[in-house]
Amino acid sequence: MVDLNLKAEPFLGHYSKGFKGVDLREIDDNSLVSLALPLGEESKAIKAIEAAFGIPVPDVGHSALAKNGAMRLLRLGRDQLFVVFLYEGMDSEPYIADKLAGAVYSTDQSHVWVTLEISGPSARAALERICPIDLNPDAFAIHQLARTNMEHLGTIIIRTAPDTYLLMSASSSAGSFLHAVETSIENVA
Amino acid sequence: MSQTNRIKGGLVDRSQTLKFTFNGKSMQGHPGDTLASALLANGQKLVGRSFKYHRPRGIFSAGSYEPNALVELRTGAHQEPNTRATVAELFDGLTANSQNHRGPLEFDVMSGVDLLAPFLSAGFYYKTFMWPKAFWEKIYEPFIRMSAGLGSLSMQEDPDVYDKGFLHCDLLVIGAGPAGLSAALAAGRSGAKIILADEDFLFGGQLNAETYAVDGMAGSGWAAQAVAELAAMDNVRLMNRTTIYGAYDHGIFGALERCTDHLPTSGGKPRQILWKIYSKRSLLTAGATERPIAFGNNDRPGVMLAGAVRTYANRYGVAPGKRVAVFTNNDDGWRTATDLADKGIEIAAVIDSRDGTPRASIHGANMVMGGRIVDTAGRKGLKSLTLSNGQVIKADCLAVSGGWNPNVHLTCHQRGRPNWNDDLSAFVPGDDLPVGMSVAGAANGTLALGAALKDGRDRANEIVKDLGFKASRKAAPKAEDEAYKGAPFWHVGESRKRAWVDLQNDVTVKDIKQSHAEGFRSVEHLKRYTTLGMATDQGKTSNIPALAIMAECTGKTIPQTGTTIFRPPYTPIPMGALAGRARGKNFRPTRLTPSHIWAKENGATFVEVGNWMRAQWFARPGEKGWRDSVDREVEMTRASVGICDVTTLGKIDIQGKDAAEFLNHIYTNAFLKLPVGKVRYGLMLREDGIAYDDGTVARLGENHYVMTTTTANAVLVFRRLEFARQCLWPGLDVHLISTTDGWAQFAVAGSNSRSLLSKIVDDGFDLSNEAFPFMACAELTVCAGTPARLFRISFSGEMAFEIAVPARFGNAMMGVLMQAGEEFDAVPYGTEALGVMRIEKGHAAGNELNGQTTAVNLGLGGFVSQKKDCIGKTLSERPDLNRDDAIRLVGFKPVDPAKPLLAGSHFINKGDTANMANDQGWMSSVAFSPIMGHSIGLGFIKQGHERKGEIVRAVNPARGSEVDVEIVSPHFYDPEGGLQRG
């Protein structure tokens, strides 16, 4: 019998590197499921989400973190959220769907996105070279998020701490995305 | 050469000496010098040759609007032509060379062209050099291009790196002169987010060039103090060496920051950054530009703008001449004379075009009121000037002032027109400013210092209050309002010699008059006929004098004559900066398939498909070329089993109670009754009835579908669906999300595909034809628990499946599939074999869905349901798209099997001439079919479905090919489809 076990490989090989004033690393242990709120039943869906996860559903353009830090809700649109959570199983979407019992439409997005965490005192300066969004602290508060483009690549940016941002972009172009972010850091470091 | 013209004072750092070369000559300067100030300090007056006549030229100004002193900076691949010496910051080791001359600068062999000037007036090339006709392209034009022009390119790749970036602010202050600094201080104190940008390396603008006091201290000292206060504010970003070059929609500005141009090397960091600045408000405080007066031989080295002459003396500690004369039409020109005299420089004369009494008393100077200069002398440097009364005055520098033009350029970047101001004899900002823009200081026509400081502060306070901030109560800085009044005087009519208006393009007063005489009455025509106002300075010193002369010719006023349109960029932007990082393979992102690493390790040759890198074929040892590999991949797939990464096809997850209805409107064919667990082919049309994209839809649940699209149209189809969902049918409960990148999907094709897959599916998932027939789909697990999706679909015509696993498992999955397929001699295949098999099977792809073909053309007319509506249906029914002789997709095979076919060939009936009138259609796809043993093709030909068996000619004049071909069914392989259903 041949060994036909499958092994998952991170998109960027668990990339992690320190630069002058900036740390950059791949976050590869999160599961990600999108939640679509059924038309006309949005309030019901929001209540179900809040009940299931104990996190108030944030406004569009904001995220909310569970008290234990293991789950974050991203409100990307009036009828769309992402739930990002630590989960070891491969059945992320059924796991979430079960908790919501048909109140939303859910899709596994865990493998659609590559996630980079950029942090450090020079992180914002580096992002100025690639991110069109105003990241000034009073314009982009902690837990705020935005969908934007960085070097032609669609990106979701979330501010998770004073000098820390999560950058999510398409996994197929993970290498190009990393190169673009690395270049931005090196150009200011 | 020592710094013979260096005088006391100025803002240069004399504690350090910088060495540089000009045309190979070693020279010295100091930090704080520009190349221009250092050249003048070293007595170098001649710095270049003019564009057309190769006239000796010197430094004319002290700003970014310099028309004359263009040089080549640096060497080798770093060499940059057409750099304005007046803004090039001096650094140790700088290498500069003059440009546009043959032989040494002093003895340019092309200077003889000046003698031919009578034949080279405006538009000469439209009138002369017309005979013989063939000579224009081969002799005249190359010679003219070779003899005229600016600097030369290194012809090497630019080794520097460039970057781009994004900035945001409440208020962008453009220009850090008196008004700009005053405004930034006021706005900064309010707490608003401010960006203060200036093209100069030293903030202060005219304050650094003048001797006026502000708040009781030297203007330059006040500027330094203001900058220090601003630098201490967290809410203020100071950007020197930064030109705001364009005002765009919604308060967005383009800015070029020169990061390392003042350093010997960039050290691997970006040389320049092109910033996109998003502002809530902007305040233009860009100052004003002095204009010259045209008179005979006014282009000699040593003839300079008066403000520039005193800038060199006051800011740089350089005397542009030992004996200086001033020619002015305004009070400000007199300031040059008094400033220079105060520094001990001999003033030969002050010639004022106005009558009246002299505005100042200057020891030893000849005061000529109502004076006119008609000529100058001195081939390579000014020696004397001649007045209209015949008086000759010896001088080696002539400071000319024709008044000041507010720098209104950015106010006009969105087609705003400036207004004429009679008091200033200049254009001031018009009423139609870019959204959010205000103007203050000299740029707004407020030329006096005290008024400009107050204007800047007041405007800034208005803006911050409007933005909801509390304005600072601090008073505006105090300064005197200096005299600047003048009387318009544009050119010396008594002069019989050539009088230059545009120094950069060698346009004279006579050229403008001639242009008018030849019927070019519009300013826009004048500009294009004479080339006035073009090139690096964009006519900043020449436009208004030219307009004035044009107005004289037409008998109109200047505002009636009009002005040309100011467009971005304000000053030149290097191409490298515009490109930024988007060079070479970084021009666009690259997408990799999940099995990319496996493919690379297993000999794949890759091809770019859109942004994707796809395996094209997998060469094996002994194969002599790509055809060997592709033929083998096809044959082995058809004989047993082949595996291909098809992740690149778009995947769109569609959910909602109304998803079926939504799909029914999107696709031409019916989708309401697609059962759960089944896949259906779908065709979508553009609104105009032309085929748009095709693919499959799998129904995974009651309200859950997965659509596939072609690789090329994945994003476009998604966008189209979102538009339909949000705008066409907002009442439908439908939700979309792309999962293209989330699933690694592999085609497993061939008679042994089922046997192979049965080794990896879990829990004895039944793959039999009965349990999982053609066009079935299922969610399952593989390899002991990995989630997967399985589709029984076939692009190759074989019994085939597509198996998808989460993308992180994709690379391992390819290895597992190959391992499981080892006993079946499984082969990986690339896009070429995939293409061959789809042509053998007669499937349409991008070549066929090319934006010109309809469902009828594609032989898919039956897919357009008559029982329901869909996007594009109505217009697909246009009679002309449904003519009896419409083209149809059919197959073609060469009559002589040895002959290859060429895609792009056009079909011509036997006996007809090969021309457009006899065109019957075209060959869209061809391949060598290893199964058939000859070339095969798909193509469109009129009434093709009724012409099977007919022989036509496939003609390709572009590639010199003509082949007789037989019209056949497009389904070369297994036309009944038994294999894929088996």
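The values are calculated or read from the model by the stated rules, or taken from the named source; none is laboratory data. This is a predicted model, so every value here is computed, not measured. Note that we place each Cβ from the backbone using ideal geometry, even for glycine, and neighbour counts take in every protein chain shown.
Residues in segment B:21-36 that are surrounded by 13 or more Cβ atoms within 10 Å (Cβ to Cβ) and outside any loop (DSSP other than H, G, I, E, B): B:THR21, B:PHE22, B:MET27, B:GLN28, B:GLY29, B:THR34, B:LEU35, B:ALA36.
Exactly one residue out of B:ALA487, B:ALA471, B:ALA499, B:ALA476 is small (Gly, Ala, Ser) and more than 26 Å from B:ALA442 (Cα to Cα): that is B:ALA499.
Look at (1) more than 33 Å from the chain's Cα centre (by Cα); (2) farther than 30 Å from B:VAL630 by Cβ and you find that B:LEU757 fails only one, number (2).
Condition check for B:SER472 on (1) more than 39 Å from the chain's Cα centre (by Cα); (2) crowded, with 17+ Cβ neighbours inside 10 Å; (3) at pLDDT 95 or above: one failure, at (3). Filtered by the rule that a residue be touching a Lys or Arg at 6+ places or on another chain (Cβ under 9 Å) and either on the phi > 0 side of the Ramachandran plot or of a type in the set (Ser, Thr, Tyr) (or both), segment B:174-195 gives B:SER182, B:SER190, B:GLY191.
The residues in segment B:1-28 that are within 36 Å of the chain's Cα centre (by Cα) and either under 22 Å from B:VAL309 (Cβ atoms) or hydroxyl-bearing (Ser, Thr, Tyr) (or both) can be counted, and the count is 2. What do you reckon, is B:LEU18 over 18 Å from B:GLY302 (Cα atoms), surrounded by fewer than 21 Cβ atoms within 10 Å (Cβ to Cβ) and among the hydrophobic types (A, V, I, L, M, F, W, C)? For B:LEU18, the condition - over 18 Å from B:GLY302 (Cα atoms), surrounded by fewer than 21 Cβ atoms within 10 Å (Cβ to Cβ) and among the hydrophobic types (A, V, I, L, M, F, W, C) - is met. Of the residues examined, A:SER16 is one that is of a type in the set (S, T, N, Q) and either in contact with a Pro (Cβ under 8 Å, 6 or more places away or on another chain) or under 30 Å from A:ARG129 (Cα atoms) (or both). Checking each residue in segment B:126-161 for being of a type in the set (S, T, N, Q) and outside any helix (DSSP H, G or I) picks out B:THR128, B:SER152, B:SER154, B:GLN156. Could you check, for segment B:49-67, whether at least one of its residues is among the hydrophobic types (A, V, I, L, M, F, W, C) and within 13 Å of B:GLY151 (Cα to Cα)? There is at least one residue in segment B:49-67 that is among the hydrophobic types (A, V, I, L, M, F, W, C) and within 13 Å of B:GLY151 (Cα to Cα).
Remark: A:GLU42 falls outside the filter, which requires a residue to be in contact (Cβ under 8 Å) with a residue 60 or more places away in the chain and not assigned by TED's automatic domain parsing to the domain that holds A:GLU117. On the stretch given as segment B:838-868, residues that are within 22 Å of B:GLN943 (Cβ to Cβ) and among the charged types (D, E, K, R) total 1. Quick one: is A:ALA36 small (Gly, Ala, Ser), touching a residue at least 40 places away in the same chain (Cβ under 8 Å) and within 14 Å of chain B (Cβ to nearest Cβ)? Here the answer is yes, as A:ALA36 does meet what is asked.
From the list B:SER154, B:SER111, exactly one residue is under 28 Å from the mean Cα position of the chain (by Cα), surrounded by 15 or more Cβ atoms within 10 Å (Cβ to Cβ) and either more than 14 Å from chain A (Cβ to nearest Cβ) or free of Cβ contacts under 8 Å to residues at least 24 places away in the same chain (or both). Which is it? Of B:SER154, B:SER111, the one residue that is under 28 Å from the mean Cα position of the chain (by Cα), surrounded by 15 or more Cβ atoms within 10 Å (Cβ to Cβ) and either more than 14 Å from chain A (Cβ to nearest Cβ) or free of Cβ contacts under 8 Å to residues at least 24 places away in the same chain (or both) is B:SER154. Would you check which residues across segment B:359-382 are touching a residue at least 24 places away in the same chain (Cβ under 8 Å), farther than 14 Å from B:PHE295 by Cβ and either out of contact with any strand residue (DSSP E or B) (no Cβ under 7 Å at 6 or more places or on another chain) or part of a loop (DSSP other than H, G, I, E, B) (or both) and list them? Within segment B:359-382, B:ARG359, B:ALA360, B:ILE362, B:ALA365, B:GLY378, B:ARG379, B:LYS380, B:GLY381 qualify. Evaluating A:GLY21 against the criteria (1) within 14 Å of chain B (Cβ to nearest Cβ); (2) farther than 30 Å from B:ASP733 by Cβ leaves one unmet condition, (1). Considering only segment B:631-644, I want to know if a residue exists there that is within 14 Å of another protein chain (Cβ to nearest Cβ), touching a residue at least 60 places away in the same chain (Cβ under 8 Å) and closer than 21 Å to B:GLY610 by Cα. Scanning segment B:631-644, I find no residue that is within 14 Å of another protein chain (Cβ to nearest Cβ), touching a residue at least 60 places away in the same chain (Cβ under 8 Å) and closer than 21 Å to B:GLY610 by Cα, so the answer is no.
Within segment B:959-971, the set of residues being aliphatic (A, V, I, L, M) and in contact with a Ser or Thr (Cβ under 9 Å, 6 or more places away or on another chain) comprises B:VAL963, B:VAL965. Does B:PRO572 count as within 14 Å of another protein chain (Cβ to nearest Cβ) and in a loop (DSSP other than H, G, I, E, B)? It is false that B:PRO572 is within 14 Å of another protein chain (Cβ to nearest Cβ) and in a loop (DSSP other than H, G, I, E, B). Only one of the numbered conditions (1) of a type in the set (A, V, I, L, M, F, W, C); (2) surrounded by fewer than 19 Cβ atoms within 10 Å (Cβ to Cβ); (3) within 30 Å of B:VAL782 (Cβ to Cβ) is not met by A:LEU6, and that is (2). Within segment B:498-526, being basic (Lys, Arg) and either in contact (Cβ under 8 Å) with a residue 60 or more places away in the chain or crowded, with 23+ Cβ neighbours inside 10 Å (or both) holds for B:ARG498, B:LYS510. Go through segment B:545-597 residue by residue and tally those that are without any contact (Cβ under 8 Å) to a residue 12 or more places away in the chain, farther than 22 Å from B:HIS525 by Cβ and among the polar types (S, T, N, Q). The number of residues fulfilling the criteria is 1. The set of residues in segment B:596-625 that are within 13 Å of chain A (Cβ to nearest Cβ), touching a Gly at 6+ places or on another chain (Cβ under 8 Å) and under 12 Å from B:GLY830 (Cα atoms) contains only B:ARG614. Is segment B:632-653 home to any residue that is buried (at least 24 other Cβ atoms within 10 Å of the Cβ), touching a Cys at 6+ places or on another chain (Cβ under 8 Å) and either farther than 17 Å from B:THR708 by Cα or aliphatic (A, V, I, L, M) (or both)? No; the residues of segment B:632-653 include none that is buried (at least 24 other Cβ atoms within 10 Å of the Cβ), touching a Cys at 6+ places or on another chain (Cβ under 8 Å) and either farther than 17 Å from B:THR708 by Cα or aliphatic (A, V, I, L, M) (or both). On inspection, B:GLU106 qualifies as modelled with pLDDT of 90 or more, loosely packed, with under 15 Cβ neighbours inside 10 Å and not in a loop (DSSP other than H, G, I, E, B). Filtering segment B:346-364 to residues that are over 13 Å from B:LEU398 (Cα atoms) and buried (at least 19 other Cβ atoms within 10 Å of the Cβ) leaves B:SER353, B:ARG359, B:ILE362.
If you check B:ASP658, B:ASP653, B:ASP688, B:ASP694 for being of a type outside the set (Val, Ile, Thr), in contact with a helix residue (DSSP H, G or I) (Cβ under 6 Å, 6 or more places away or on another chain) and modelled with pLDDT of 95 or more, only one passes: B:ASP688. Would you point out the residue of segment B:577-595, among those that are at the interface with chain A (Cβ under 10 Å from one of its Cβ atoms), under 21 Å from B:PRO159 (Cα atoms) and not charged (D, E, K, R), that is surrounded by the most Cβ atoms within 10 Å (Cβ to Cβ)? Across segment B:577-595, the extreme among qualifying residues is B:GLY580.
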